[in-house]
Amino acid sequence: MFSFGKQRFNDDATLAALTVISTFLFDGGQGDWQRWLQVAVIYSNNILNDRNRFRDYCDAVMNCSDKERFIIKTTFWFDSIASVTTMSSPNFVHVIDNLYNPVNQSGVYDVEESASLSMLPVMGCENRVVWAFAQISQL
């Protein structure tokens, strides 16, 4: 049975939560979308911080399953955009900064070239734009 009080959600419940958030957005953004976003935030945090599976955030996003990656990237996007409405810092501002800050990118490995790290296929938005949204949202 689904409960918002849980600290762990499976991928199907989280995909359903993201669908509910999209429904609220297409209905003008009115409604109780924040608790559904929290489901996606909890799920994504559990994946990103699982040091039994991954070394760091980059390793997590690159090597998690396709379904997990889609959820995480979609959550990054919703989290950054939602922070404008809530007037609070995005939950993933530090993760997004770690992954997408253009200043921290090396010439050896460009995240724009890695499909698993790119936000373009999921949100149609360049990584540096997602990074800029997250940075601006926390002001």
Every residue from segment 104-125 that is modelled with pLDDT of 90 or more and surrounded by fewer than 11 Cβ atoms within 10 Å (Cβ to Cβ)
Gly124
Which residue pairs have Cβ atoms closer than 7 Å, lie 6 or more positions apart in sequence or on different chains, and pair a first residue in segment 48-77 that is in contact (Cβ under 8 Å) with a residue 40 or more places away in the chain with a second residue that is among the polar types (S, T, N, Q) and buried (at least 21 other Cβ atoms within 10 Å of the Cβ)?
Ile71/Thr14; Ile71/Ser44; Thr75/Ser44
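In the set Asp59, Asp50, Asp32, which member is farther than 30 Å from Ser3 by Cβ and acidic (Asp, Glu)?
Testing whether each residue is farther than 30 Å from Ser3 by Cβ and acidic (Asp, Glu) leaves just Asp59.
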Within segment 18-38, of all residues that are crowded, with 20+ Cβ neighbours inside 10 Å and in contact (Cβ under 8 Å) with a residue 24 or more places away in the chain, the one nearest to Thr74 (Cα to Cα) is Leu18
Scan segment 39-86 for residues that are more than 11 Å from the chain's Cα centre (by Cα), over 14 Å from Ala17 (Cβ atoms), in a helix (DSSP H, G or I) and of a type in the set (D, E, K, R) and jot them down.
Asp59, Asp66
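The values are calculated or read from the model by the stated rules, or taken from the named source; none is laboratory data. Everything quoted here is computed from the prediction, not taken from an experiment. In this analysis, Cβ positions are derived from the backbone assuming ideal geometry, glycine residues included, and neighbour counts consider all displayed protein chains.
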